[in-house]
Each structure stands twice: as C-alpha cells, then as structure tokens.
Amino acid sequence: MSAPDRKEQEVRRMLDGPHPVVPPDLARLAVERGRRLLTRRRALRVAAGVLIVVAVAAFTLWAVTAQPWLAPPAGTTPPLDGW
Amino acid sequence: MRERRRSHEDRRAQEFTAFVAGAAGRLLHASLLLTGEPAAAEKLLTSALARTYTVWDRLHGEDPYARTRQEMATRFARTGRRHRHPCGGALDRLTPQERLVVVLRLFEGVDEEQVAAMLGLPAERIRAVCTRSVATLRSSPAPSAAGGHAGAAGAGAAPAEEPAPLSEASR
C-alpha cells in the first residue's frame, strides 16, 4: 500500500515544477474563438429554424392545392348495362 | 436588445479573462505534459478554453477549471494518435493514453473513478495504466530499455476490451 504511494509521490514531484510562461494573448484568442463558435452555432440554429418553417409552409401549400385525402377520380368508366 | 447583449458579452469576456489569468499557468503545464511541445500545448489549451467560453453562462456552479480540464482531456483523447510519437517533455516515453492518465491522476490529482468516467474506461484499468506508467517513468532512462518497455506497453494497451489480464499482471 505504502510502496506504490511512495512511487506515485516520486512521479508527482517529478511532474511538479514551475508552470510554463502563458502567452499574453491566450485569453483574447480563446474569447475570439469562443465567440466565433457561438456565432456559428447561432447561425446554424437560425438556418435550421428557417428550413423547418419553409418546409412546413411548402407542405401546407401542396396539401391545400393537391388535397391528397380526396379519392382519386375513377380511372375506368363503369360498364353500361340496361340499354 | 442588441446593446444589452453586447454588455452581457463584455461582462462574460471579463469574467472569463479573469479566470484564464488565474488558471492558465497550471492548465498550460498540464497541456504541455500531455503534448510535450509548447506550440501544440497552447493550441490544445486555446481550443479547450474556447469551448469553456461557449458554455460560460451555463456552467451552473460547475468549476470552469474542471470543465476546461475535461475539454482538454476529451480533445487529447480524440486526437491522441497525432501525439503518438514521442516529442519531448517529461512524459515522452509514455503512450498518449498513459500520459493522459498520469496527468489527470498524478499531476491534477483527479479521483480514479472520475478519470475512469472521463475516459470511459473501467477504474481498474486506470489503476493498471497508472501503475505501469509509474514503473516506466521510474525505470532507468536508458533509451533501448525505455523503447522496449514503451513498445510492449503500447502493444498491451491497444485492445481496450481486455482489462482483466492487464490488471492481473499489474498486481
């Protein structure tokens, strides 16, 4: 139990040390990139919404004009008997 | 409306910049341990921070540091193949997966269970990988022995669906 812990401690000490120098514009770059991501997501959402509205409108228009729930006119004439 | 959104964005950017000022040093250190190379480390950290920025308003009390660390781990796990070849740094004798586990467990001090959940692996496997990595790091840094060991470890690490023999071997 203690031996692995000691070994892990050794590696921990090896990893610890002074932090590297952070580039001064890191936060600005991250903010810019984050904003770009948000803008892109917003644009995608708007595009998806517009697409849905257009699809619903097109379907409604087609349904109203074509009225597919009505029975299609008979393709053949019924036989004429009794003449 | 637009004005209000603008000021809201400005406040978010200010809060975020303050967070980065405090956390970036340690995060960049972790990123450097993962990638082994400063340019790649900065790239990894910037993308993770950008993702954190997009969810800044929806953190709901979650620690932004932990969130960024998670983003970094996920991204590194996904692009780990790119960092397969040793490229310097303290952990260049480990495979990408071993580096990820060592950084999360030993450098960041994340629980075994949490690391397992983050990487989608069983906790025993995390322990096995950690033990193996510690052994590799403590062994003499002779290039030939290190190369042989790293190769064997890499071959053993490849099939993720066989955690039992690995954990058996580590005990």
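See the values below:
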{"quantity": "Max mean-square fluctuation residue, GNM over chain A, Cα-Cα springs under 10 Å, options A:Gly34, A:Gly49, A:Gly17", "calculated": "A:Gly17"}
{"quantity": "Extension gain from B:Arg2 to B:Gln14, taking 0.36 nm per residue of separation minus the Cα-Cα distance", "calculated": "2.5 nm"}
{"quantity": "Neighbour-count order for B:Ser31, B:Ser133, B:Ser139, B:Ser47, fewest beta carbons within 10 angstrom listed first", "calculated": "B:Ser139, B:Ser47, B:Ser133, B:Ser31"}
{"quantity": "Highest-fluctuation residue, A:Leu15, A:Leu26, A:Leu38 considered, GNM on chain A with Cα pairs under 10 Å", "calculated": "A:Leu15"}
{"quantity": "FRET efficiency estimate (nearest 0.05) - Cβ-Cβ, B:Glu62 to A:Val50, R0 30 angstrom", "calculated": "0.35"}
{"quantity": "Cα-based equivalent ellipsoid, chain A: semi-axes from gyration tensor eigenvalues, Å", "calculated": "74, 25, 7"}
{"quantity": "Ascending count of other beta-carbon atoms within 10 Å, so fewest first, for A:Trp83, A:Trp69, A:Trp62, B:Trp56", "calculated": "A:Trp83, A:Trp69, A:Trp62, B:Trp56"}
{"quantity": "Total charge dipole magnitude, region B:1-92, about the Cα centre, Cβ charges on Lys, Arg, Asp, Glu only, Debye to nearest 20", "calculated": "360 debye"}
{"quantity": "Computed over region B:1-125, the ratio Rg/Rh where both radii use C-alpha atoms and Rh is Kirkwood", "calculated": "1.03"}
{"quantity": "Shielding by other protein chains, A:21-27, mean Cβ within 10 Å", "calculated": "6"}
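Every read-out reported here was derived from the displayed coordinates using simple, explicitly stated rules and does not represent laboratory data. What you are looking at is a predicted structure, and each value in this text was computed from that prediction instead of being measured. Heads up, the Cβs are rebuilt from the backbone with ideal geometry, glycines too, and the neighbour counts pull from every protein chain shown.
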